[in-house]
Amino acid sequence: MIGLNHYLFVSAALFSLGVMGVLTRKNAVNVLMGIELILNSANINLVAFSRYSVASLDGQIFAVFVIIIAAAEAAVALAIVLSMYRIVKSVNLDQADTLKG
Amino acid sequence: MNPEILQDLESFVPEIVLTVALLLVVLADISLPKLRTRVTFLVTAVGLLAALCFTVPLFGAGEKALFYNMVALDRMAVFFKGFLILASFLVLLAAPGSKELSSTHLGEFYALLLGVTLGMLLLASSVDMLMLYLSLEMVSLTSYIMVGYLRHDRQSNEASLKYILFGAVSTGSMLYGITLLFGLTGSTKMPAIREALASGGASGGNGMALLVATALILAGFGFKTAAVPFHFWCPDVYTGAPTPVTAFLSVAPKAAGFATLIRFFFSGMSDTTTSASQWSAFSAMNWTSLLILISIITMTLGNIAALRQDNLKRLLAYSSIAHAGYMMMGAAVLSYEGVQAVLIYLITYLFMNLGAFLVVIEIFNQTNSFNVNDYRGLYRRSPFLAISMTIFLLSLMGIPPFAGFFGKLFVFAAAVNHNLAWFAVIGALNSVVAVYYYARVIKAMIIEGGDEGAGFKLAGTSRALVWIMLLPTVGMVLFWDRIQALTGRSWKFFIG
Amino acid sequence: MDPTAVAQVIFYFFAVLTVASAAIVVFSSSLIYSAFALLFTFFGVAALYVFLGADFLAATQLVIYVGGILILLLFGVMLTHKLYDLDLKTETFQFFPGFLVMAAVLLTLTGVISKTQWVSRGERPLNPTTIAIGLLFMREYILPFEVASVFLLVALIGAAMIVRRRRS
């Protein structure tokens, strides 16, 4: 029987992979993909709890808002990445080093 | 429409005013080609002032929750609303006067400023984790954009890229922690979370889950308040952002972060609902110890790193990290006295920190530099700026009779009164270390000689703004008892 | 065939699809492979939502994540490389420490999950959710709903402002 823990393990795997992506990737768009993995993992948690634990729609509504916020965040992040690319001609994070003091 | 919602709208007027102002600014920006700079500025200024006026009467309104327990209206929320609107207003006045921003079109800047203020008001009053996350992201996203406002400037772009990547990871992790808390307690509302934890939700094997959840949630709070180990973005972002934005970030979102941290630990995690002078949070571990540890590491790291900085913005960035550490001291004792200390510290910090940044802006306007070596001999070129900066720096050091002294006094006193005298001693030692880097700037300005340049011509508005920051910094000693009374009444929380 | 067995097989299929795609996103050295693997991850998550009875959410996930965010990411990939750069390789740094952190996080989380007694108020029956969600948006969740719209406006203005070309 598929139960709550199955979904939680899937989301834990996604979260860990997302963290890995954020920590090891040099390309800013890749880091963004890692962030989206983290947000999706949280959403799976919410919906799974909503179905198996809390027995109400609260988790699903929260998940809808998370999707909204993730979309806005991705848009702004990509805008910043594009703006950066125009000036530096690269989006590798090791090129972003003029601020070190 | 549900009559309850209509009633709640009456208590929601500041936020509504801000939203209307935001919409008007957007409309004005796209439809009035010639007048729009002035009109947008005016609409923003009027909007912020009106919101402030509507906030003040809410102070006596009693505690209740609005909009189906999404946000709370209590004295603490009203205090922070007033504080945050004031901070935004002061930054609004400073923005057009800065050389960095005056060459760009500021219509969107004002819209973003209104947006971030709205987000901060909601953040300071959220009692539901969904609302908390939504408003936290609203503040964060607008901040990311404001930092990258100079889109042709490489440093500004780099700063906003680092900021958004770091911030998105921190808030994403916080979200994961919120979901774990949701699974543990069955609700996203802080009062319900507290009740669920009180009736055994955290017992046995669940203690570990609660620990992980809260640690992840602290990642988000740590990011907003720039506490170690979530402070890495702070120096780079503060240095690369346009200085008015830096000034804003160092005060307002930080304060909002503290507001929500306090509210989360009190409304969501504490196990006393009476007006006892101390509350303790549930958990498998001692949160006070963790917060104390974070506070010590934060203030120490901030102070030590600031010692080596020549760039004023970077120096003030590390200085603000250190100050967050002192404020965390007040939060760490987890009591009403500690909360009051944090509120007092924030009031003093607002004026002295904004004042310091204002002077930095003015000096940049005249000399194009943020380097302390170019501050040499400032006293000869502009005695007004040199003296004002000296006062702000002395206040940041915590020297009496300036405002900063009172902030530190209350925070240290709160620690001492909770049998944590050693904690206060560490704070005091840190303050002594901090004297060195602040004094270095003062010495450069007043004692050392620099290239003889022309005297500075300060615009009247800039001069007036510096006076606005100076007066509370210097005059705090005259009315500190009233501040104490005000903040003493402000720690009433909605408990639900 | 036993329906619960079929359900299990399908669940495992989508779960493996999701996690494996996520692994490709994180470990692949080609940016394009990562982007398309992300597409499969989002699809897998949408399928999991359907399994959990969240029909409205699954549709929203597909429309916004796949139809919006993924397209944005692909634009991001395309627009941040020179036209002739067909390789689109990405580099990694600190791979081994990052891997250790990931393993630590994964172990902690799985440990926590298996030991914890989550709240149990029973299971939610698998009903269509759209009407209920719509009603909740207008009642209990009206404040976040309205705030989200202002939030999107501000994000829109900001993002557009950053990317706008300099007016000549």
(message) Taking amide H atoms as placed 1.01 Å from N in the peptide plane, list the residues 5 or more away in sequence, or in a different chain, whose amide H sits under 5 Å from that of B:Leu73.
(response) B:Lys64, B:Ala65, B:Leu66
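Assign one of three labels to chain C, namely rounded, prolate or oblate, based on the Cα gyration tensor with a ≥ b ≥ c the square roots of its eigenvalues; rounded applies when a/c is under 1.5, prolate when it is not and a/b is larger than b/c, and oblate otherwise.
oblate
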(message) Give the separation of the Cα centroids, the stretch B:290-304 to the stretch B:88-119, in Å.
(response) 32 Å
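Averaged over its residues, how many other protein chain Cβ atoms are within 10 Å of peptide C:61-68's Cβ atoms?
Numbers: counts 6, 0, 1, 6, 8, 0, 0, 5.
Averaged over the peptide's residues, the number is 3.
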(message) Once each part is reduced to its C-alpha centroid, what is the distance from the stretch B:421-496 to the stretch C:41-73 in angstrom?
(response) 51 Å
(request) Figure the gain on full extension for B:Glu63 and B:Leu49 (residue separation times 0.36 nm, minus the Cα-Cα span) and round it to one decimal in nm. (result) 2.6 nm
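Rounded to the nearest 0.05, what FRET efficiency is calculated for B:Ala459 and A:Val88 with R0 set to 35 Å and r the Cβ-Cβ distance?
Values: r = 35 Å, r/R0 = 0.99.
That pair, B:Ala459 with A:Val88, gives E of 0.50.
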(message) Exceeding 20 Å between C-alpha atoms, which entries from my cross-link table qualify? They are B:Lys254/B:Lys443; B:Lys99/B:Lys443; B:Lys224/C:Lys115; B:Lys162/B:Lys224; B:Lys81/B:Lys492; B:Lys99/B:Lys457.
(response) B:Lys254/B:Lys443; B:Lys99/B:Lys443; B:Lys224/C:Lys115
(request) Taking 7 Å along the Cα-to-C-beta vector as the label spot, tell me the B:Gln484-B:Ile468 distance in nanometres, rounded to one decimal. (result) 2.9 nm
(message) If I model a spin label as a point 7 Å beyond the Cα along the Cα-Cβ vector, how far apart are those points for B:Glu4 and C:Asn127 in nm?
(response) 2.0 nm
(message) For a quick check of your reading of the filter: which trypsin sites (Lys or Arg not before Pro) in the stretch A:3-94 sit in a DSSP loop and have no more than 14 other Cβ atoms within 10 Å?
(response) A:Lys89
(request) Please list, or write none, the aspartates and glutamates whose alpha carbon is within less than 17 Å of the alpha carbon of B:Lys64, excluding same-chain residues fewer than 8 places away. (result) B:Glu4, B:Asp8, B:Glu10, B:Glu15, B:Asp74, B:Asp128, C:Glu140
(request) Label the protein assembly as shown by shape, choosing from rounded, prolate and oblate, from the square roots a ≥ b ≥ c of the eigenvalues of the Cα gyration tensor; if a/c is under 1.5 it is rounded, and otherwise prolate applies when a/b is larger than b/c, oblate when it is not. (result) prolate
(request) Please give the contour-minus-distance gain from C:Phe93 to C:Val63: 0.36 nm per residue of separation, less the Cα-Cα distance, rounded to one decimal in nm. (result) 7.5 nm
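Counting GluC sites (Glu not before Pro) as exposed when in a DSSP loop with at most 16 other beta carbons within 10 Å, what is the longest stretch of chain B free of them?
Excluding the exposed sites themselves, the longest stretch runs over B:64-447.
Rounded, prolate or oblate for the stretch B:380-469? Axes are the square roots of the Cα gyration tensor eigenvalues, ordered a ≥ b ≥ c, and the cut-off for rounded is a/c under 1.5. Kindly include the intermediate steps, with their values, before the conclusion.
Working: a/c = 5.32, a/b = 2.08, b/c = 2.56.
Oblate, because a/c is 1.5 or more while a/b does not exceed b/c.
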(message) Run the helix sum for the protein assembly as shown: -39,500 (n - 2.57) per DSSP H stretch of 4+ residues, divided by residue count, reported at 222 nm to the nearest 500 deg cm²/dmol.
(response) -24000 deg cm²/dmol
(request) Quick one: check the C-alpha center-to-center distance for the stretch A:48-101 versus the stretch C:104-154, whole angstrom. (result) 18 Å
(request) Could you pull out the longest piece of chain B with no exposed loop trypsin sites (Lys or Arg not before Pro) in it, calling a site exposed if DSSP puts it outside H, G, I, E, B and it has at most 11 other Cβ atoms within 10 Å? (result) B:35-307
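Would you mind giving the mean number of other chain beta-carbons within 10 Å of the Cβ of each residue in B:471-483, as a whole number?
For peptide B:471-483, the averaged partner shielding equals 0.
Rule-based calculations on the coordinates, nothing more; no lab input. Since the structure is predicted, the reported quantities are computational estimates derived from the model, not experimental observations. Heads up, the Cβs are rebuilt from the backbone with ideal geometry, glycines too, and the neighbour counts pull from every protein chain shown.
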